Amino acid sequence: MAADALIDETKKRGLVISENLASRAADSMLAMDLLRLKNMVDEYKGVQDIVYAFITDRDGNVMVHTFVQGFPVELLAANEADDATTSNVRLIFTGRDYIYDFAAPIMIVGARFGTARVGLSRTQTQNSVNRLVFFIFTLSGAALVPAILFSSLFARQVTRRIGLLREHAEEVVKGNLDMRTGPVVAANCWEIMNCDLTHCPAYGDTRRRCWYLAGTLCPDCTDPEDGDKEESCKNCPVYNRNKGDEIQDLAETFDVMALSLKTHLEELKQAEGVLTRQEQLLRTILDATPDYVCLIGDNLKYLSVNKAFADYVGRSAHDIEGLSEFDLFPEAEAKITREEDLRVVRTGLPFDREKRARRGQRDMWLHVVRAPVFDKDGRVMGLLRTARDVSQLKLFQEQLIQSQKMESVGKLAGGVAHEINTPLGVILGYAQLLQEEVDKDSQIYEDLKIMEKQAKVCRKIVADLLGFSRQTDSAKLEMCFNNSLMEAISLVRHTFGLDKVYIMTDLDERMPIIYGDPEKLKQVWINLLTNARDAMIEGGGLLLVRSRLDSPAQKVTAWFADTGSGIDSGNLQKIFDPFFTTKPVGQGTGLGLSVSFGIIEDHDGSITAQSPVPKGFFNQDAVEAPGRGPGTVFVVDLPLDHAETLEADHALDKGRK
């Protein structure tokens, strides 16, 4: 029974060794690290009863082995694992010796990648059995009971230790890498050698023996790259004091393997965490930028986009990945975009241009930049495309052109006005003198009155031209915005009422204070009120003046809304041009809005017009009354930063003095 138990334990030990080898070889097979696999099987060369060890791949090809004189190919078919998940043991005869051949499958993520084979000599086991039987029979007569007791204790000890190894192997397979199978040493290497090299890898490590660690600083150690480190440690007092039998060596090997695997997994998790944080940081940066950013592959399909681009096309970033231009944009736009992307992929050169786009009810200008993306070999693997909304910049450019145009026209108008003013005064003077010489009931008198009237019209045009071209310094001071509006309204309310044009006011009760020129601003208000009256001359209408203070934006806004005939969309961009008018001949000079535009601009403000009037200014009954049109609303914005403006003007006055 003891002999059978020893053979059974030997088989269990062989199974544990083969399964351990299979478990350790999994990572190296994934990495195709043949050197590490060779070192694994060579570890069993020094084990007395292990005849051979080798590893085959899933196709049965030998990857590494321990045979010195060549691998016996007949051994491949001698034993195989019965199925993909369990180990197998067979007794084979080599012609000279009987060997227990253990075959353990190498499993990776539930799939079999190869087989670990280990051969244990039956002869040596049998010799041990024979010696044990001889010893038992020799002492059976005199010490049968002690012998049986000793054998039982010995078998139990061996079984217990091998059982611990098996349990450890099972726990490692389950993922529990914190178990310890090897015994705790009585004294550590730094205590035995009186070592104070605290930066040595073995110093303070109580779980691994120093001969299992690379890079130790002991002068008697041999670097693993230069030779067998464990062989060089056999004369070391630390090794001789702490070494154990094969089971202890195997247990310590298990502990080293588990700890190394745990360290490796922790490093992988740490690296994964770093990559995840970097990815999140990059995604945060891309999503924070207002530019439309997208990464496109060489097949012209989207690989990744930021939040701004996803909002631009109205889809989620995940849904856009894998789509093409034709899945997101109209066919004509997608065709042009695809050709431009293909140009960058083919040439490998960056490309940029400005294009006009429409999203919903809004027209916008985009500055699109395309840059090629290269792989490590210098080949174009895609492109990075960014688009920036430059609509505001385009608006500023148009305003600059408008200002330059007005400046040029103003200089020209001033020169022409001075040339006309002198002969015009002579004509007007003679017309008035001749009226005193002729009969008031005669036709000549009527003709002279017409000449005088038209000459005065011309003189007003000349005066407007001179006012438009003359660059006078503004007499700016702190003023009440609402009072300025009411002063202008009071001047025209009675006259407008005669034409059935009724003025309504909706002024902000907070009485906003601004820094401006009261007279020039009054001129602007009167110009806007007069234009509104002229648009409602037939049948009268309503004129609403509204003001609002916007403290967060540091500005005050005035609206002048009417129920007149409105302005065609084609003329909205021209109404502030000098000499542009839609009034009949003799009823307008075309300079009122141009002068108003210049005054508001001098106050660092803005003036715009909308037609028809948006909802919210008049009730429905007022709009649908007979003779009412779509109307127009002029919007004037003026800043509230009067303190800074005061300081700047004081500094300018000191400089002039």
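Numbers below:
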| quantity | calculated |
| --- | --- |
| Filtered residues of the stretch 510-545 (kept if part of a loop (DSSP other than H, G, I, E, B) and surrounded by 14 or more Cβ atoms within 10 Å (Cβ to Cβ)) | Pro512, Asp517, Ala535, Met536, Ile537, Gly539, Gly540 |
| Scan of the stretch 46-63 for residues that are among the acidic types (Asp, Glu) and more than 15 Å from Pro105 (Cβ to Cβ), ordered by number | Asp49 |
| Odd one out for Phe93 among (1) among the hydrophobic types (A, V, I, L, M, F, W, C); (2) surrounded by 11 or more Cβ atoms within 10 Å (Cβ to Cβ); (3) more than 51 Å from the chain's Cα centre (by Cα) | (2) |
| Residue under evaluation Ala609, criteria (1) surrounded by 15 or more Cβ atoms within 10 Å (Cβ to Cβ); (2) at pLDDT below 80, criterion not met | (2) |
| Residue check for Gly378: surrounded by 10 or more Cβ atoms within 10 Å (Cβ to Cβ), small (Gly, Ala, Ser) and out of contact with any helix residue (DSSP H, G or I) (no Cβ under 7 Å at 6 or more places or on another chain) | no |
| The one condition in (1) of a type in the set (Gly, Ala, Ser); (2) surrounded by fewer than 16 Cβ atoms within 10 Å (Cβ to Cβ); (3) at pLDDT below 70 that Ala81 fails to fulfil | (2) |
| Test: residue in the stretch 468-479 that is modelled with pLDDT under 75 and assigned to a helix (DSSP H, G or I) | yes |
| Residues satisfying the stated conditions in the stretch 471-515, i.e. closer than 22 Å to Asp602 by Cα and among the hydroxyl-bearing types (Ser, Thr, Tyr) | Thr472, Ser474, Ser484, Tyr515 |
| Residue that is more than 23 Å from Glu170 (Cβ to Cβ) and in a strand (DSSP E or B), where the choices are Ile106, Ile92 | Ile92 |
| Answer from Leu282, Leu261, Leu286, Leu268 - the residue that is among the aliphatic types (A, V, I, L, M), at pLDDT below 85 and closer than 30 Å to Tyr44 by Cβ | Leu261 |
| One residue from Asp4, Asp8, Asp49 being buried (at least 16 other Cβ atoms within 10 Å of the Cβ) and over 56 Å from the mean Cα position of the chain (by Cα) | Asp49 |
| Subset of the stretch 22-45 (residues that are farther than 17 Å from Val109 by Cα and part of a helix (DSSP H, G or I)) | Leu34, Leu35, Arg36, Leu37, Lys38, Asn39, Met40, Val41, Asp42 |
| Looking only at the stretch 498-509, and only at residues there that are surrounded by fewer than 18 Cβ atoms within 10 Å (Cβ to Cβ) and at pLDDT 85 or above, the one that is farthest from Glu519 (Cα to Cα) | Lys500 |
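The values are calculated or read from the model by the stated rules, or taken from the named source; none is laboratory data. These figures come from a predicted structure and were not determined experimentally. Note that we place each Cβ from the backbone using ideal geometry, even for glycine, and neighbour counts take in every protein chain shown.
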